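**Q** Handing you this structure, nothing more for now.
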Amino acid sequence: MTDRRQEDKPPGPPGPPRRQLYGRRYGRPLRPARARLVERLLPRLSLDLAAAGSVPALTGLFETEPEALWLEIGFGAGEHLAAQAAARPGVGFLGAEVFVNGIASLLARIDEAGLRNVRIYRGDGRDLLEALPEAAFARVAVLFPDPWPKTRHQRRRILQPETLDHLARVLGDGGELRLATDDPDYLTWMLEKTTAHPAFEWLARRAADWRERPPDWPPSRYERKALAKGARPTYLRFRRRDRTARGSGREAGEAP
Ligand SMILES: C[S@@+](CC[C@H](N)C(=O)[O-])C[C@H]1O[C@@H](n2cnc3c(N)ncnc32)[C@H](O)[C@@H]1O
């Protein structure tokens with residue numbers, strides 16, 4: 001049997017130890033057409049952090065300068081990302097995903113719809129977040145992240161206080177963070193961590209605000225699966241407080 005931990009070791013020269021990735025990079029072998037698509041399209045649409053230097057320049061990433069940048073971490077098969085990108089051609093979308101089969105699905109959607117406003121980071125979204133410049137994004141989505149339900153695995157959850165620090169850093173003032181889960185325990189965790197974070201203000205005013213998916217929030221594959229098995233997803237929207245406001249960061253959320 002292949003040892004996935006071995007596969008997940010990044011190639012390259014020895015350096016400082018990298019954090020452990022708790023997601024699969026590979027699934028079933030790609031069908032030949034998908035494999036060709038990955039080979040043809042991914043290099044053109046990839047954000048390569050190693051080539052970009054310590055802080056990637058996001059200007060010039062797209063053919064025309066977008067009116068705003070949105071980020072999605074762990075986009076899965078890319079349904080939500082591709083639908084958002086199709087609905088907002090003026091916005092530039094950056095998606096991070098580790099699972100190559102998911103990336104191939106997003107590439108197929110990009111190809112079919114002729115989307116020109118999507119770029120992909122193939123790798124750990126936490127590495128991307130650390131490298132991205134301050135206040136670059138108007139919106140960030142982390143939808144149905146892996147719940148890691150066992151208590152001893154909770155450190156594997158992508159939403160940790162330090163991730164929220166980085167999310168607060170890369171979001172511009174008034175920007176929006178969107179989170180979703182169908183796992184009641186992860187929901188409690190998400191709400192505890194985000195409401196405790198000084199940069200985020202939960203936008204919900206009534207139960208429907210978290211029980212019903214907003215109309216401008218397309219469904220994702222994981223959400224469909226959750227609904228099909230009778231689970232109840234929750235949709236959370238947070239506003240990134242203005243940096244000038246008192247207590248809006250940690251302290252000011254500028255430098256985690
Ligand atoms: C439960 S799936 C949800 C996928 C999608 N957001 C949806 O709603 O259908 C979680 C996704 O996060 C990805 N993932 C897990 N850890 C990640 C990380 N550190 N960086 C980027 N993607 C990650 C997984 O590969 C998987 O596709």
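The values are calculated or read from the model by the stated rules, or taken from the named source; none is laboratory data. From a predicted model like this one, the values you see are computed outputs, not experimental measurements. Positions of Cβ are backbone-derived with ideal geometry, glycine not excepted, and every protein chain shown enters the neighbour counts.
**Q** Scan region 107-121 and tell me whether some residue there is within 8 Å of the ligand (Cβ to nearest atom), in a loop (DSSP other than H, G, I, E, B), closer than 18 Å to Arg34 by Cα and not polar (S, T, N, Q).
**A** No: zero hits.
**Q** Taking only region 59-71 into account, find how many residues are β-branched (Val, Ile, Thr) and modelled with pLDDT of 90 or more.
**A** First, pick out the residues of region 59-71 that are β-branched (Val, Ile, Thr): 59, 64.
Adding the requirement that they be modelled with pLDDT of 90 or more leaves 64.
Number of matching residues: 1.
**Q** Are any residues in region 93-103 within 14 Å of the chain's Cα centre (by Cα), of a type outside the set (D, E, K, R) and not in a loop (DSSP other than H, G, I, E, B), and if so, which ones?
**A** Listed by number, the residues that qualify are Phe93, Leu94, Gly95, Ala96, Gly102, Ile103.
**Q** Identify the single condition in (1) of a type in the set (Val, Ile, Thr); (2) closer than 24 Å to Tyr222 by Cβ; (3) in a loop (DSSP other than H, G, I, E, B) that Val38 does not satisfy, given that it satisfies every other one.
**A** Only one criterion in (1) of a type in the set (Val, Ile, Thr); (2) closer than 24 Å to Tyr222 by Cβ; (3) in a loop (DSSP other than H, G, I, E, B) is unmet by Val38, namely (3).
**Q** For region 148-162, how many residues meet the condition of being at pLDDT 95 or above and more than 14 Å from Gln20 (Cβ to Cβ)?
**A** Final tally of qualifying residues: 3.
**Q** Might you let me know whether region 138-147 holds any residue that is charged (D, E, K, R) and more than 22 Å from Arg241 (Cβ to Cβ)?
**A** Scanning region 138-147, I find at least one residue that is charged (D, E, K, R) and more than 22 Å from Arg241 (Cβ to Cβ), so the answer is yes.
One line per residue, one yes/no per condition, for (1) farther than 23 Å from Leu129 by Cα; (2) of a type in the set (S, T, N, Q); (3) modelled with pLDDT of 75 or more:
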| residue | (1), (2), (3) |
| --- | --- |
| Pro14 | no, no, no |
| Leu21 | no, no, yes |
| Arg28 | yes, no, yes |
| Arg31 | yes, no, yes |
| Glu39 | yes, no, yes |
| Leu42 | no, no, yes |
| Leu47 | no, no, yes |
| Ser54 | no, yes, yes |
| Ala57 | no, no, yes |
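**Q** Kindly provide the set of residues from region 71-106 that are away from the ligand (no atom under 14 Å from the Cβ) and crowded, with 21+ Cβ neighbours inside 10 Å, ordered by number.
**A** Ala85, Gly92
**Q** Looking at (1) at negative phi; (2) within 17 Å of the chain's Cα centre (by Cα); (3) in a loop (DSSP other than H, G, I, E, B), which is the only condition Thr163 fails?
**A** (3)
**Q** To continue, here is another question. Restricting attention to region 135-149, and to residues there that are in contact with a strand residue (DSSP E or B) (Cβ under 9 Å, 6 or more places away or on another chain) and not in a strand (DSSP E or B), which single residue is nearest to the ligand (Cβ to nearest atom)?
**A** Looking at residues that are in contact with a strand residue (DSSP E or B) (Cβ under 9 Å, 6 or more places away or on another chain) and not in a strand (DSSP E or B), I get Phe144.
**Q** If you don't mind, there's one more thing I want to ask. Residues of region 124-135 being buried (at least 20 other Cβ atoms within 10 Å of the Cβ) and among the small types (Gly, Ala, Ser), which ones?
**A** Within region 124-135, Gly125 is the sole residue that qualifies.
**Q** Identify the residue in region 237-249 that is out of contact with any helix residue (DSSP H, G or I) (no Cβ under 8 Å at 6 or more places or on another chain) and charged (D, E, K, R) and, among all such residues, is surrounded by the fewest Cβ atoms within 10 Å (Cβ to Cβ).
**A** Restricting to residues being out of contact with any helix residue (DSSP H, G or I) (no Cβ under 8 Å at 6 or more places or on another chain) and charged (D, E, K, R), the top hit is Arg246.
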